[in-house]
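The values are calculated or read from the model by the stated rules, or taken from the named source; none is laboratory data. Only a predicted model underlies this, so the values are computations on that prediction, with no experimental measurement involved. Positions of Cβ are generated from backbone atoms using ideal geometry, with glycine treated the same way; all protein chains shown enter the neighbour counts.
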Amino acid sequence: MNNRSNTVKVAVVGGEGIGPEVTAQSHRILNWFIAKRGAPMTLREAQYGLIPYLSTGRVLPDDTVEAMDEADAILWGATGGPETKEVPASARKAGSLLSLRSKYDLYANLRPIVASQALVDSAPLKAEILEGVDFVIVRELTSGIYFGEPRGIETLPDGQRRGFNTEQYTTNQIRRVARAAFELARTRRSRLCSVDKANVLETSVVWREEVTALHKEEFSDVELTHLYVDNAAMQIVREPRQFDVMVTGNIFGDILSDCAAMASGSLGMLPSASLGPVDRFGRRKALYEPVHGSAPDIAGKGIANPLGSILSAAMMLRLTLNRPEDADLLERAVATALEGGARTADIAEPGAKKLSTLEMGDAVLSALDKVAGKERERA
């Protein structure tokens, strides 16, 4: 939050593929909270990707960099798609999401996994498996194999090509994300599962030892368990309700969080928050985005599911604006819309009416008015 005022600055960056389409709906939602609930924020739109590259030679033009640098929170859409071929790899890498995570030190990625009972008929897992599912995956986001050096592709003396990457973690990198996960668990059901591959990887041996030591030193009130990553993947689809908070490294978190989408009904439903360290003003930079990618096969068709982006906006209301009541209101509105039969193509039961991206945004806005009206009546 800006230290000169109580107004939160939000950069809205739709990006590529379906990103601009879904972000347009969460933008509408945030405007509703400004107009109807007095939420203290200003929204600034900025471009990313092919369009600014064609005019500036950069996927992240100066105006977008300025908007994000000044922002307390970034509402992000998606990156990638067929248009990626028109942007040189060097330009793409310079403005990549990985580079932004590193620049802003967004080390803790939170991905809530909540099964909607309204969607059990269209979910890939059985209804009894999904009952009561409500957990959060905390993924370390700025270290591990995605950032480790050395990395590269080389030709060996015998003519073979070899690709190599380096998986590495330090004490501080492990402990700060584990601390974030322990603290989150304290606000929920006080259970943390740490996921690694300590039976094979030295990196994971250090991970497990540091998480265990931190637990003993500072968080003995939280129940701590450990799972190997392969078992964790199986347990997520076998009995996901057993989890409360799960913490793991970068690559494992990337894979497991997509696996966990099956416990929520659709990848299009999943929000996320990427959080930086708390500064001396008590602020922390944050980037909010749906977990799904750019989905180039449906981009421009107006059929993408915006609920992942809208629920990411709910996370922003809770974590950046410190307005948990507004976040709860938005989450109830999404649930109300789903209970009323609102469905985009990815979550529609056979024979159900399929809403467009815009129509789903309309359904959530209508539900917001309805839920807020009931709240006023109770008051």
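Each residue in the stretch 214-227 was checked for being out of contact with any strand residue (DSSP E or B) (no Cβ under 7 Å at 6 or more places or on another chain) and of a type outside the set (A, V, I, L, M, F, W, C), and 5 of them qualify.
Of everything listed in (1) surrounded by fewer than 23 Cβ atoms within 10 Å (Cβ to Cβ); (2) under 29 Å from Val177 (Cβ atoms); (3) touching a residue at least 24 places away in the same chain (Cβ under 8 Å); (4) aliphatic (A, V, I, L, M), the single unmet condition for Leu329 is (2).
Of the residues making up the stretch 35-65, those that are buried (at least 17 other Cβ atoms within 10 Å of the Cβ), small (Gly, Ala, Ser) and part of a loop (DSSP other than H, G, I, E, B) are Ala39, Gly49. For residues in the stretch 296-319 being surrounded by 21 or more Cβ atoms within 10 Å (Cβ to Cβ) and assigned to a loop (DSSP other than H, G, I, E, B), which is nearest to the chain's Cα centre (by Cα)? Only one residue fits best here, namely Pro306. Cβ-Cβ distances below 6 Å connect the following pairs, each with a first residue in the stretch 70-83 that is assigned to a helix (DSSP H, G or I), a second residue that is at pLDDT 95 or above, and a separation of six or more residues or different chains: Glu70/Lys9. Against the numbered list (1) at pLDDT 95 or above; (2) surrounded by 16 or more Cβ atoms within 10 Å (Cβ to Cβ); (3) touching a strand residue (DSSP E or B) at 6+ places or on another chain (Cβ under 7 Å); (4) of a type in the set (A, V, I, L, M), Ile145 comes up short only at (3).
Identify, by number, the condition in (1) touching a Ser or Thr at 6+ places or on another chain (Cβ under 9 Å); (2) in the same structural domain as Arg241 (by TED's automatic domain parsing); (3) within 24 Å of Ser294 (Cα to Cα) that Ser102 doesn't meet. Failed condition: (2). Can we say Glu154 is assigned to a strand (DSSP E or B) and out of contact with any Asp or Glu (no Cβ under 9 Å at 6 or more places or on another chain)? In short, yes. Candidates in the stretch 257-273 are the residues that are buried (at least 24 other Cβ atoms within 10 Å of the Cβ) and of a type outside the set (Gly, Ala, Ser); of these, the one that is modelled with the lowest pLDDT is Met269.
With the requirement that a residue be of a type in the set (Lys, Arg) and either over 28 Å from the mean Cα position of the chain (by Cα) or loosely packed, with under 10 Cβ neighbours inside 10 Å (or both), what does the stretch 148-172 give you? Answer for the stretch 148-172, where residues must be of a type in the set (Lys, Arg) and either over 28 Å from the mean Cα position of the chain (by Cα) or loosely packed, with under 10 Cβ neighbours inside 10 Å (or both): Arg161, Arg162. Got a sec? Which of Gly293, Gly282 is surrounded by fewer than 20 Cβ atoms within 10 Å (Cβ to Cβ), in the same structural domain as Ala71 (by TED's automatic domain parsing), at pLDDT below 90 and within 30 Å of Ile145 (Cβ to Cβ)? Answer to the selection: Gly293.
So for the stretch 224-238 (the condition being of a type in the set (S, T, N, Q) and either modelled with pLDDT under 95 or in contact with a Ser or Thr (Cβ under 6 Å, 6 or more places away or on another chain) (or both)), does at least one residue qualify? Within the stretch 224-238 (the criterion being of a type in the set (S, T, N, Q) and either modelled with pLDDT under 95 or in contact with a Ser or Thr (Cβ under 6 Å, 6 or more places away or on another chain) (or both)), the answer is no, since none of the residues qualifies. Quick check on the stretch 225-238. Is at least one of its residues within 23 Å of Ser116 (Cβ to Cβ), surrounded by fewer than 20 Cβ atoms within 10 Å (Cβ to Cβ) and in contact (Cβ under 8 Å) with a residue 60 or more places away in the chain? So far as the stretch 225-238 goes, yes, one or more of its residues are within 23 Å of Ser116 (Cβ to Cβ), surrounded by fewer than 20 Cβ atoms within 10 Å (Cβ to Cβ) and in contact (Cβ under 8 Å) with a residue 60 or more places away in the chain. Among the residues of the stretch 332-362, those that are surrounded by 23 or more Cβ atoms within 10 Å (Cβ to Cβ), without any contact (Cβ under 8 Å) to a residue 40 or more places away in the chain and part of a helix (DSSP H, G or I) comprise Ala333, Val334, Ala337. Could you tell me whether any residue of the stretch 243-250 is over 16 Å from the mean Cα position of the chain (by Cα), assigned to a loop (DSSP other than H, G, I, E, B) and not assigned by TED's automatic domain parsing to the domain that holds Leu50? Yes; the residues of the stretch 243-250 include at least one that is over 16 Å from the mean Cα position of the chain (by Cα), assigned to a loop (DSSP other than H, G, I, E, B) and not assigned by TED's automatic domain parsing to the domain that holds Leu50.
Residues in the stretch 24-39 that are in contact (Cβ under 8 Å) with a residue 40 or more places away in the chain and within 23 Å of the chain's Cα centre (by Cα): Ala24, Gln25, Ser26, His27, Arg28, Ile29, Leu30, Trp32, Phe33, Ala39. Only one of Val237, Val177, Val195 is within 22 Å of the chain's Cα centre (by Cα), assigned to a strand (DSSP E or B) and not basic (Lys, Arg); which? Sole residue among the options that is within 22 Å of the chain's Cα centre (by Cα), assigned to a strand (DSSP E or B) and not basic (Lys, Arg): Val195.
Mind listing just one residue for me: the one in the stretch 363-379 that is touching a Leu at 6+ places or on another chain (Cβ under 8 Å) and under 18 Å from Gly268 (Cβ atoms) and, of those, surrounded by the most Cβ atoms within 10 Å (Cβ to Cβ)? Restricting to residues being touching a Leu at 6+ places or on another chain (Cβ under 8 Å) and under 18 Å from Gly268 (Cβ atoms), the top hit is Val364.
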